[in-house]
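Asker: I have a structure I would like to understand better, so I am pasting it below and will then ask my questions one at a time.
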Number of protein chains: 2
Amino acid sequence: MRIRLIELNRISAYCSGNVSPEWGIRGTTMSGKRSPARRPTMKDIARHAGVSQSAVSFALNGRPGVSEDTRERVRRVAEELGWRPSTAARALSGEGAATVGFVLARPADTLGVDSFFLQLVSGIQEVLAERHLGLLFQVVEDVADECAVYRRWWAEHRVDGVLVVDPRTDDPRPGLLDELGLPAVVIGGAPDDRHPGLSTVWADDAGAMASVVDGLYALGHRRIVHIAGLPGLAHTERRIRTLRAEAGRRGLSEVKSVTTDYSDAEGAAVTRRVLEGPTPPTALIYDNDVMAVAGAAAAAELGFSVPADVSVVSWEDSALCRMVKPWLSALSRDSVEFGRTAARELTALLDGGSARAVRVPVPRLVERGSTGVARGA
Amino acid sequence: MRIRLIELNRISAYCSGNVSPEWGIRGTTMSGKRSPARRPTMKDIARHAGVSQSAVSFALNGRPGVSEDTRERVRRVAEELGWRPSTAARALSGEGAATVGFVLARPADTLGVDSFFLQLVSGIQEVLAERHLGLLFQVVEDVADECAVYRRWWAEHRVDGVLVVDPRTDDPRPGLLDELGLPAVVIGGAPDDRHPGLSTVWADDAGAMASVVDGLYALGHRRIVHIAGLPGLAHTERRIRTLRAEAGRRGLSEVKSVTTDYSDAEGAAVTRRVLEGPTPPTALIYDNDVMAVAGAAAAAELGFSVPADVSVVSWEDSALCRMVKPWLSALSRDSVEFGRTAARELTALLDGGSARAVRVPVPRLVERGSTGVARGA
DNA sequence: ATTAGTGACTAATGCGCATTAGGCTCATCG
DNA sequence: CGATGAGCCTAATGCGCATTAGTCACTAAT
């Protein structure tokens, strides 16, 4: 009796699969009106394949408990029906949301021209897409809002982990994420012992700064101004500290850093201010490409020729650096790969791996036309 | 008997809420090890408030069936516990995923310096954040991949709707989204009657192009080259068609469009090619800021002075346009507001509103130093 | 005084999946 | 020849929420 029924089911499933599937993914309501479309579920697969819903689950998840034969059949049916697991249901049954979060804490108007993030994100995506992980993205005003977003995401069960950018000194985020138990990778921060749960992917800013100063020193530069980015950002502070140390080591007194908001406006303004001083610097190091370009233009306007009067280095390479004359020498790094690495670390964490600190290659100085021997050297 | 029990529950809830809540959101496992944190659920709230779980649901969702008194109490408890509805559970019980999708189909290396998308996204976020809607973001290589992503998102029940950018001629996406019944807003496409289910937010490129040509014509320009963006994009084609029409209307034969990939390299290359021809144009219209800047630089290298020899107009305004000398005249639009509008349309759609086509203001030409009277005019 | 009605809850169900606990059949061993 | 176990499945349960169907006490109307 029982066997009979099952057999019948199997036969009908077999037929419908090969001859005329009465079970498409398009539904038709009673009224005859065409409903938009119906998502196939495991139940549908089960009916189609003539097995129980649990068997389907076992089959599709590689769990033992079904014959290879059945497994294959179930897989085929799932494929035909275009089935995909509902992330909602998966998340609900404890499997996680299959999503990672990414928050960008920058005021909308500061977003402007920034090639770094888009490239970073595209690298991240590459890795996440392979594993069908979604990327939940949000732009907020400041770090406080960012923390609120993490809390919400966590409470709403929206993400399995997050990628944190722009680490700061006295950053509240690592502590919060630790508390929430949300796996996270900090991008661009130096390794931090206080939060063993977080992974870190970082570039050796200190080393890069040292080598830039080395190079400029060799070219005879003794007065150097570093037009830095936002104060409070970990890498800004690292660069500033290193510059000071390098200057101290060489006994250079006319070397300093000035922090800005990364905008072209401030980049130009600071440039004008320092160049109009009594003893203008002979070399300028900008923390991003936008300021470097704006600064170089400002210098030119003041009658300073680049690189004869003043050398310019951009700490970010992009098409922008090749849009002005002379082309700007820049520290080049592979932002896409940076993103890939970060995403890989996060997936490793999600797989239960333990946190670690990964260092990506030191940015390389690409010498173009904007750096030269110091005037008078 | 029953009353008694309920009363007791209420009292105990009252006490625990005010004196020593034994129910925090932090859990402690049996072994004494501190578990990372526990998400409070409606069950917790129910226990705390001494009511059933359904009552909590009614209370929190503004449904009738509970007294104002209870409602308020439940709300307070939920607040105290830091409760947030699990999106997974919500989605599973048919409420939608509280997420909208956004796919960017551009090869990774083409992403480069683009201010438009980041601004667009930040505008979108502003509106979505208000309603606690998440934004699922993905970067893919081409439109085929993009379609695959929509299918997957739909099958996985991941998004309630999507925002579509870069509409094309013969675009497969509207049809697909229609088929899937996925609410969508097309950003930048002209209204399309064939897909009544989709909303559209668009700017009047045709009108803008006409006014730009008007302006250049008035300055004496008769030979104009339009360095357009990617062929196949709806707005590229619209601009090209309009330019041709305007030229025809005025009997100008030396007016043409050349399509590119939006990169600085092609912008410069095309510029060189047309300027080195026998009768070089006196005005160049670039479809984005990156090409405009690169093109202006290329022109300068060839000995063409801007705007004396050739006028330059950028169809995208950004800090970039103010980083070169002379500053570039540009068509300025409020990309952030554009994003807001699109997001608002999508939320309206999600609320059950019907699709419509919304036109945002025509981009306005900001005259800067790069446009002038045509040589010889 | 009985009935209908209403307000305020609680119980029960389902969403789509993973998982645990059983159930049935057949081969193997003592 | 009955007991044991392995193999292959099915049934049942839970996740967190929304929702529908009761339940119970109390009021208004007949």
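Results for (1) more than 7 Å from chain B (Cβ to nearest Cβ); (2) in a helix (DSSP H, G or I); (3) aliphatic (A, V, I, L, M); (4) touching a helix residue (DSSP H, G or I) at 6+ places or on another chain (Cβ under 7 Å), shown as yes or no for each residue.
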site: A:F58; (1), (2), (3), (4): yes, yes, no, no
site: A:G62; (1), (2), (3), (4): yes, no, no, no
site: A:E72; (1), (2), (3), (4): yes, yes, no, no
site: A:A89; (1), (2), (3), (4): no, yes, yes, yes
site: A:A97; (1), (2), (3), (4): no, no, yes, yes
site: A:F116; (1), (2), (3), (4): yes, yes, no, yes
site: A:L128; (1), (2), (3), (4): yes, yes, yes, yes
site: A:F137; (1), (2), (3), (4): no, no, no, no
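Asker: Being farther than 28 Å from B:G181 by Cα, of a type in the set (S, T, N, Q) and surrounded by fewer than 24 Cβ atoms within 10 Å (Cβ to Cβ) is true for just one of B:S332, B:S354. Which residue is that?
Answerer: On the way: B:S354 fails: farther than 28 Å from B:G181 by Cα.
Selected residue: B:S332, the only one of B:S332, B:S354 that is farther than 28 Å from B:G181 by Cα, of a type in the set (S, T, N, Q) and surrounded by fewer than 24 Cβ atoms within 10 Å (Cβ to Cβ).
Residue by residue, here is whether (1) open to solvent by 40 Å² or more (accessible area, probe 1.4 Å); (2) of a type outside the set (A, V, I, L, M, F, W, C); (3) not assigned by TED's automatic domain parsing to the domain that holds B:I240 holds:
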{"site": "B:D114", "(1), (2), (3)": "no, yes, no"}
{"site": "B:Q119", "(1), (2), (3)": "yes, yes, no"}
{"site": "B:V127", "(1), (2), (3)": "no, no, no"}
{"site": "B:R151", "(1), (2), (3)": "yes, yes, no"}
{"site": "B:G161", "(1), (2), (3)": "no, yes, no"}
{"site": "B:D166", "(1), (2), (3)": "no, yes, no"}
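Asker: With the requirement that a residue be without any contact (Cβ under 8 Å) to a residue 12 or more places away in the chain and of a type in the set (K, R), what does segment A:141-189 give you?
Answerer: A:R152
Asker: How many of the residues in segment A:71-95 are buried (at least 18 other Cβ atoms within 10 Å of the Cβ) and of a type outside the set (K, R)?
Answerer: Looking only at that region, the number is 11.
Asker: Okay, moving on. Determine whether B:A300 is among the small types (G, A, S) and more than 20 Å from A:S115 (Cα to Cα).
Answerer: yes
Okay, residues lined up against (1) at pLDDT below 95; (2) open to solvent by less than 10 Å² (accessible area, probe 1.4 Å); (3) not in a helix (DSSP H, G or I):
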{"position": "A:H157", "(1), (2), (3)": "yes, no, yes"}
{"position": "A:V185", "(1), (2), (3)": "no, yes, yes"}
{"position": "A:P191", "(1), (2), (3)": "yes, no, yes"}
{"position": "A:R194", "(1), (2), (3)": "yes, no, yes"}
{"position": "A:A206", "(1), (2), (3)": "yes, no, no"}
{"position": "A:G215", "(1), (2), (3)": "no, no, no"}
{"position": "A:R222", "(1), (2), (3)": "no, no, yes"}
{"position": "A:L243", "(1), (2), (3)": "no, yes, no"}
{"position": "A:E246", "(1), (2), (3)": "no, no, no"}
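Asker: Return the pairs, sorted by first residue and then second, in which the second residue is aliphatic (A, V, I, L, M) and assigned to a loop (DSSP other than H, G, I, E, B), the first residue lies in segment B:65-87 and is on the phi > 0 side of the Ramachandran plot, the beta carbons are less than 8 Å apart, and the residues are 6+ apart or on different chains.
Answerer: B:G82/B:I25
The values are calculated or read from the model by the stated rules, or taken from the named source; none is laboratory data. Bear in mind the structure is a predicted one, so any value in this text is a computation, not a measurement. Heads up, the Cβs are rebuilt from the backbone with ideal geometry, glycines too, and the neighbour counts pull from every protein chain shown. All accessible areas refer to the heavy atoms of the entire protein, side chains included, with ligands and DNA or RNA removed. Shrake-Rupley method; radii C 1.70, N 1.55, O 1.52, S 1.80 Å.
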